[in-house]
Amino acid sequence: MISSILQSLVSGTLIGAYYALLAIGFAIIVAVTRVYNLAYGELLALGAYTSFWLWDLYGVDILLTAPITILVLLFACTSIQKMTSLIDEPFELNNLLLTFGLALFLQNLMLILWSADEQSIAVGYLEIGVPLGITRVFSSKLITFFISIIAILGLYLLITRSYIGKAMRATSQDRYSAAIRGISVAKMDLFAFCLAAILLGVAAPLFLSLHHVDPFVGIEVTIIAFTITMFAGLARVGPILLGGWLMGIAESLTSALFGLEWTEITFFIILLAILIFRPHGVLGRY
Amino acid sequence: MVMKNYYYWIIILTILVLMPILIGYSDYYLFVLAIAYVFAVLAVGWDVLAYCGQISLGHAALFGIGAYVSALISMNGISPWLTIFLGALSAVLISNIIGLTCLRLKAAYFTIATLAFAVVVKVIVDNLEITGGSGGIIGIPCLSTDITTSYYVSLVFLVVSVFIFHRIIRSKMGLAFSAIRDDEISAQALGVDVFRYRLYALWISAFISGLSGAMYAHLIYHIYPSTILTIYISALPLIMALFGGRLHAIGPAFGAITLYLTNKLILHPIFPRTHGLVYGPILVVVILLMPEGIIGKLASYMKYRGWVKF
């Protein structure tokens, strides 16, 4: 019992970094453009399918498909950004509906292109059991963990140390003042979507190494990203990482204690609990 | 040509009542129309809440609760005519969970919270013994073996729910709803009890949605979590109501009937695999080009030409 709990703590920590990677893209879009992108998970699924196709048809190594998925998602995200910039008031609600429509479209498109079957990959070097203390984890989880941490670190440096990152933070704090000071707010919106696309493009092949993909995984991913964003507040990387770890641990503990079929609703129940008890965010104001 | 408003209603109603004769009592078309009316009732139910400014993505849960409760009770030998209302009442009961937890949230959060609520309900129904798990329920008793009777029953439910919605819009409650929708804080400052009116909207919405779910179960005879508790069922009333025009009493019903019939009778035979693809783009186009919907456009045009007085 103790060892299974320890096992789930370790794997929850490894998965948690990946969840944080997913949440950061969502949070950047919300912080800069105020768009709650309900098509976010579907974009990840689209990237995962692209990567699956490259692996299945052309035998490309799964981790090396990232550049292509980044390109595909950059195209998709810039199109979505162009659409959201055409929206009238009430901005938030209409964008929610618009991205929901896109999510439905992408779901059905993937259903037609790849059918409703669950697709997963089998790669030798991702399925080695690595001993870690008294527990054992799959190498896929370790690889995912390290790539996620590197990507999050890179993003953190970009946001805090570069000029464009500074401009983006200014836009997220106050659009109007940022525009007065000569920041092109429209370009910042586009840049936020592009950053999210790059993060998703990195995350998509990793998703395939952890989980099977079917056209309906998107909604769960969106909810994970939204919940962590709610938990952590916007525009700060540290709390998002913490939120990711908590979600990962909560998920793997649920599956260890109650059984696999209930893990699906862990995130949803956490989300409902946060929305009910702390609707302004848990760590800092949302 | 100045016509009084209710002439339009009488003409539409006469056509709908005479529809079985017009299509020659064809069982298939009557059945498709009955299902279209059931979805129209669902769209009206969704729109009562949306009229109050709360966009819900969780109506599949209310629809599904109505369907499951009515189906389970009627399989123990109680008449479906009674259990339909029991299903609707239990949807109202469950909707209090949304009411107490999510109704105080800001608009965008409410939408995502209801999305989460629908998934929770689906997973619970999927894993319980009594609901038959993911195998669903098969062999639900039907309302009437005669399809024409079923047609008229769903028509009556549709007309009654549209009429109720129309009366709500014209009443003091409707004024409160639109005040809350336009500006919550101003409404509160003027003495509108925002939470109470939202709760009323939610109850009415849950009752109508539960009713449509129960009707659906007794028309189709078999229900599965994977067909009636999905995001697709939550999306349908939203798209239909927005397409028809969500600020007019007849908008959601018009949108539902048009879209469902177009999809079922025209797109489904031509593109058997890809007909589900149209709903997403329809939603995107409606949001971008005409947020007021078809009936909204039509009404403002007719008002401009002086054909009707509003």
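The values are calculated or read from the model by the stated rules, or taken from the named source; none is laboratory data. These numbers come from a predicted model, not from an experiment. Reconstructed Cβ throughout: ideal geometry from the backbone, glycine too, with neighbour counts over all protein chains shown.
Here are some notes:
- Here A:R236 does not fit the description of being more than 21 Å from A:K141 (Cα to Cα), free of Cβ contacts under 8 Å to residues at least 12 places away in the same chain and of a type in the set (D, E, K, R).
- Top-ranked residue of segment A:97-106 - restricted to ones that are facing chain B (nearest Cβ under 8 Å) and not aliphatic (A, V, I, L, M), ranked as surrounded by the fewest Cβ atoms within 10 Å (Cβ to Cβ): A:F105
- Qualifying residue in segment A:127-137 (condition: part of a helix (DSSP H, G or I), in contact with a helix residue (DSSP H, G or I) (Cβ under 8 Å, 6 or more places away or on another chain) and surrounded by 12 or more Cβ atoms within 10 Å (Cβ to Cβ)): no
- Elements of type helices (runs of 4 or more DSSP H) in segment B:54-136, at least 2 residues being in contact with a strand residue (DSSP E or B) (Cβ under 8 Å, 6 or more places away or on another chain): B:59-74
- For segment B:275-306, a residue qualifies if it is surrounded by 14 or more Cβ atoms within 10 Å (Cβ to Cβ) and either in contact (Cβ under 8 Å) with a residue 60 or more places away in the chain or not in a helix (DSSP H, G or I) (or both), and the qualifying residues are B:M290, B:P291, B:E292.
- A:L113 meets all of the listed conditions (1) more than 27 Å from A:L6 (Cβ to Cβ); (2) at pLDDT below 90; (3) within 21 Å of the chain's Cα centre (by Cα); (4) in a helix (DSSP H, G or I) but one, namely (3).
- Selected residue [assigned to a helix (DSSP H, G or I) and either hydroxyl-bearing (S, T, Y) or more than 16 Å from B:H59 (Cβ to Cβ) (or both)] from B:L242, B:L236, B:L175: B:L175
- Checking each residue in segment A:40-62 for being surrounded by fewer than 18 Cβ atoms within 10 Å (Cβ to Cβ), in a helix (DSSP H, G or I) and not acidic (D, E) picks out A:W53, A:L57, A:Y58.
- Check on B:Y29, in a helix (DSSP H, G or I), buried (at least 16 other Cβ atoms within 10 Å of the Cβ) and among the aromatic types (F, W, Y): yes
- Residues of segment B:104-121 that are more than 7 Å from every other protein chain (Cβ to nearest Cβ) and surrounded by fewer than 20 Cβ atoms within 10 Å (Cβ to Cβ): B:R104, B:K106.
- Residue count for segment B:53-72, restricted to those that are over 9 Å from the mean Cα position of the chain (by Cα), closer than 22 Å to B:I168 by Cβ and either away from chain A (no Cβ under 13 Å) or acidic (D, E) (or both): 2
- Of the criteria (1) in contact with a Cys (Cβ under 6 Å, 6 or more places away or on another chain); (2) farther than 30 Å from A:G233 by Cα, which one A:A197 fails: (2)
- Elements of type helices (runs of 4 or more DSSP H) contained in segment A:157-229, each with 2 or more residues being in contact with a helix residue (DSSP H, G or I) (Cβ under 8 Å, 6 or more places away or on another chain) and within 30 Å of A:G248 (Cβ to Cβ): A:163-173, A:185-210
A quick yes/no check of all residues on (1) in contact with a strand residue (DSSP E or B) (Cβ under 8 Å, 6 or more places away or on another chain); (2) within 14 Å of chain B (Cβ to nearest Cβ); (3) among the acidic types (D, E):
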residue	(1), (2), (3)
A:Y18	no, no, no
A:Y36	no, yes, no
A:E42	no, yes, yes
A:M110	no, yes, no
A:D117	no, no, yes
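- Single unsatisfied condition, A:H280 versus (1) away from every other protein chain (no Cβ under 14 Å); (2) surrounded by fewer than 20 Cβ atoms within 10 Å (Cβ to Cβ): (1)
- Boolean, B:G213 is more than 17 Å from B:G53 (Cα to Cα) and more than 14 Å from chain A (Cβ to nearest Cβ): yes
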